[in-house]
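Colleague: So that we are looking at the same thing, I have put the structure below in structure tokens.
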Amino acid sequence: MKIAILSQDSSLYSTRRLKEAGEEREHQIRVIPYLRCYMNITSRRPSIIFNGTPLENFDAVIPRIGASRTFYGTAVVRQFEVMGVFSANESQAISRSRDKLRCMQILAREGVGLPVTGFAHATQDIDGLIETVGGAPLVIKLLEGTQGIGVVLAETYQAAKSVIEAFRGLDANILVQEYIKEAGGADIRCFVVGGEVIAAMKRQGAKGEFRSNLHRGGNAEKIDLSVEERTTAIKAAKAMGLNVAGVDLLRSNHGPVIMEVNSSPGLEGIEKATEMDVAGKIIEYVVQNAEPNNVKDSIKY
Ligand code: ADP
Ligand code: MG
């Protein structure tokens, strides 16, 4: 089978491992830096050109689109889709997952466990917003943040108010969220492939840090999930229309609550913590599903 990995950097751990896992299984794997592709969107004969030659006869693509490259990256994935090529994650689902608010709205509609969350831009009613999530302590997040940057814990009502005012001054969209203190600075990454959790790890934030992001100095270890955690992760990935997803959840007093659902989850942390061949599972899923025009996403939002 001929598979394209859409990635800007062939030296990244995730990209290397996917290529390796594909080649071990005797597939032909090509890493394609999607920003260097251009597209011909002529009626009836859509094509993608890279390095002067059309990319043809691919059976599947595995998108690894960087968070800051969602617009162009998903356009390239979509072009493969209109050419009938199977994608591990569809362009629509990737776009959907990149918007934290849209994510929360869809998950809420499906009844997936979530922290109590409010969303605002320039409200004058800061008291009302703080009250929606039950008062301080609470967590305030910039809608566009990643890797824990732009996530603030406000311990008191006054601190919360000042931070919300400051973000309003910056013209930013914010999420205000109930603080899940009992999570103890840890979260759980569930790696979902084709509707199954294939690996899971617990990430613990550095001492005194409530954010568990590995980029913020956290560390990771393998963990066994409860049945409820497993079903919540599967339901979240499905609700987002993602076949491959990193579902992050917190252990709260009211059961597992979803933090976010990632459409290009990194492989390094999870493979090292669990010693599992996660890349291999992704390749196997893709190979099993790579029929032409196999579209799975049917979500309306
Ligand atoms: P990012 O997209 O920047 O990773 P997250 O929403 O995942 O932002 O938040 C980063 C980390 O902060 C989470 O992994 C979690 O450990 C911690 N955190 C975020 N929101 C809450 C919350 N409501 N209660 C407790 N901890 C939280
Ligand atoms: Mg996160």
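The values are calculated or read from the model by the stated rules, or taken from the named source; none is laboratory data. From a predicted model like this one, the values you see are computed outputs, not experimental measurements. Methodologically, a virtual Cβ is constructed for each residue, glycine included, from the backbone with ideal geometry; neighbour enumeration extends over all protein chains shown.
Colleague: Please enumerate the residues belonging to segment 246-266 that are in a loop (DSSP other than H, G, I, E, B), polar (S, T, N, Q) and over 17 Å from GLN92 (Cα atoms).
Modeller: Kept after step one, since they are in a loop (DSSP other than H, G, I, E, B), are these residues of segment 246-266: 253-254, 263-266.
Narrowing the set further to residues that are polar (S, T, N, Q) leaves 253, 263-264.
Scanning segment 246-266 gives a single hit, ASN253.
Colleague: Looking at segment 267-292 only, could you name the residues that are assigned to a loop (DSSP other than H, G, I, E, B) and either aliphatic (A, V, I, L, M) or under 19 Å from LYS238 (Cα atoms) (or both)? Break it down into steps so the answer makes sense when it comes.
Modeller: Initially, segment 267-292 is screened for residues assigned to a loop (DSSP other than H, G, I, E, B), giving 267, 275-277, 290-292.
Across segment 267-292, the qualifying residues are LEU267, MET276, ALA290.
Colleague: Looking at segment 176-199 only, could you name the residues that are more than 11 Å from ligand 1 (Cβ to nearest atom) and either within 15 Å of the chain's Cα centre (by Cα) or part of a loop (DSSP other than H, G, I, E, B) (or both)?
Modeller: The answer is CYS190, PHE191, VAL192, VAL193, GLY194, GLY195, VAL197.
Colleague: Under 7 Å between Cβ atoms, at least 6 apart or on separate chains: pull out the pairs that start in segment 36-56 with a residue that is at negative phi and end on any residue that is among the polar types (S, T, N, Q) and loosely packed, with under 14 Cβ neighbours inside 10 Å.
Modeller: PRO46/ASN40; SER47/ASN40; ILE49/ASN40
Colleague: Of everything in segment 143-166 that's in a loop (DSSP other than H, G, I, E, B) and among the aliphatic types (A, V, I, L, M), which residue is nearest to ligand 1 (Cβ to nearest atom)?
Modeller: In the first step, residues of segment 143-166 are kept if they are in a loop (DSSP other than H, G, I, E, B); the result is 143-150, 155-156.
Filter once more, keeping what is among the aliphatic types (A, V, I, L, M): 143, 149.
Working: LEU143: 10, ILE149: 6 Å.
My answer is ILE149.
Colleague: Yes or no: segment 254-263 includes at least one residue that is under 28 Å from PHE86 (Cα atoms), within 14 Å of ligand 1 (Cβ to nearest atom) and among the polar types (S, T, N, Q).
Modeller: yes
Colleague: So how many residues does segment 41-72 have that are within 19 Å of LYS19 (Cα to Cα) and either among the small types (Gly, Ala, Ser) or surrounded by 14 or more Cβ atoms within 10 Å (Cβ to Cβ) (or both)? If you could, list the steps in order and put the result at the bottom.
Modeller: Taking segment 41-72 as the starting set, the residues that turn out to be within 19 Å of LYS19 (Cα to Cα) are 50, 55-66.
Next, only the ones that are either among the small types (Gly, Ala, Ser) or surrounded by 14 or more Cβ atoms within 10 Å (Cβ to Cβ) (or both) stay: 50, 55, 58-66.
Summing the residues that are within 19 Å of LYS19 (Cα to Cα) and either among the small types (Gly, Ala, Ser) or surrounded by 14 or more Cβ atoms within 10 Å (Cβ to Cβ) (or both) in segment 41-72 gives 11.
Colleague: Which condition does THR231 not pass, out of (1) within 15 Å of the chain's Cα centre (by Cα); (2) not in a loop (DSSP other than H, G, I, E, B); (3) not aliphatic (A, V, I, L, M), if it passes all the others?
Modeller: Evaluating THR231 over (1) within 15 Å of the chain's Cα centre (by Cα); (2) not in a loop (DSSP other than H, G, I, E, B); (3) not aliphatic (A, V, I, L, M) leaves (1) as the failure.
To keep it simple, each residue is scored yes or no on (1) within 28 Å of GLN204 (Cα to Cα); (2) modelled with pLDDT of 95 or more.
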{"position": "PHE119", "(1), (2)": "yes, no"}
{"position": "ILE126", "(1), (2)": "no, no"}
{"position": "PRO137", "(1), (2)": "yes, yes"}
{"position": "GLY148", "(1), (2)": "yes, no"}
{"position": "ALA154", "(1), (2)": "yes, yes"}
{"position": "TYR157", "(1), (2)": "yes, yes"}
{"position": "ALA160", "(1), (2)": "yes, yes"}
{"position": "ALA166", "(1), (2)": "no, no"}
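Colleague: To continue, here is another question. Test of understanding: among GLY118, GLY84, GLY128, which residue is more than 24 Å from PRO63 (Cβ to Cβ) and not in a helix (DSSP H, G or I)? Break it down stepwise before answering.
Modeller: Working: GLY84 fails: more than 24 Å from PRO63 (Cβ to Cβ); GLY128 fails: not in a helix (DSSP H, G or I).
Testing whether each residue is more than 24 Å from PRO63 (Cβ to Cβ) and not in a helix (DSSP H, G or I) leaves just GLY118.
Colleague: Which members of segment 159-178 meet the condition of being surrounded by fewer than 20 Cβ atoms within 10 Å (Cβ to Cβ) and either in contact with a His (Cβ under 6 Å, 6 or more places away or on another chain) or in contact (Cβ under 8 Å) with a residue 60 or more places away in the chain (or both)? Break it down into steps so the answer makes sense when it comes.
Modeller: Residues of segment 159-178 surrounded by fewer than 20 Cβ atoms within 10 Å (Cβ to Cβ): 159, 161-163, 165-166, 168-173.
Matches in segment 159-178: ASN173 only.
Colleague: Only one residue in ALA237, ALA199 is under 21 Å from THR117 (Cβ atoms), among the hydrophobic types (A, V, I, L, M, F, W, C), surrounded by 20 or more Cβ atoms within 10 Å (Cβ to Cβ) and at pLDDT 95 or above. Which one?
Modeller: Working: ALA199 fails: under 21 Å from THR117 (Cβ atoms).
Result: ALA237 is the single residue among ALA237, ALA199 that is under 21 Å from THR117 (Cβ atoms), among the hydrophobic types (A, V, I, L, M, F, W, C), surrounded by 20 or more Cβ atoms within 10 Å (Cβ to Cβ) and at pLDDT 95 or above.
Colleague: Another question, then. Could you please give the count of residues in segment 2-38 that are more than 26 Å from the chain's Cα centre (by Cα) and farther than 24 Å from ILE270 by Cβ?
Modeller: Going through segment 2-38 one residue at a time, the tally reaches 2.
Colleague: Sticking with this one: Given (1) touching a helix residue (DSSP H, G or I) at 6+ places or on another chain (Cβ under 9 Å); (2) assigned to a strand (DSSP E or B), identify the lone condition not met by ILE49.
Modeller: Answer for ILE49: the failing condition is (1).
Colleague: Among the candidates LEU249, LEU214, which residue alone is touching a residue at least 40 places away in the same chain (Cβ under 8 Å) and crowded, with 22+ Cβ neighbours inside 10 Å?
Modeller: Details: LEU214 fails: crowded, with 22+ Cβ neighbours inside 10 Å.
Testing whether each residue is touching a residue at least 40 places away in the same chain (Cβ under 8 Å) and crowded, with 22+ Cβ neighbours inside 10 Å leaves just LEU249.
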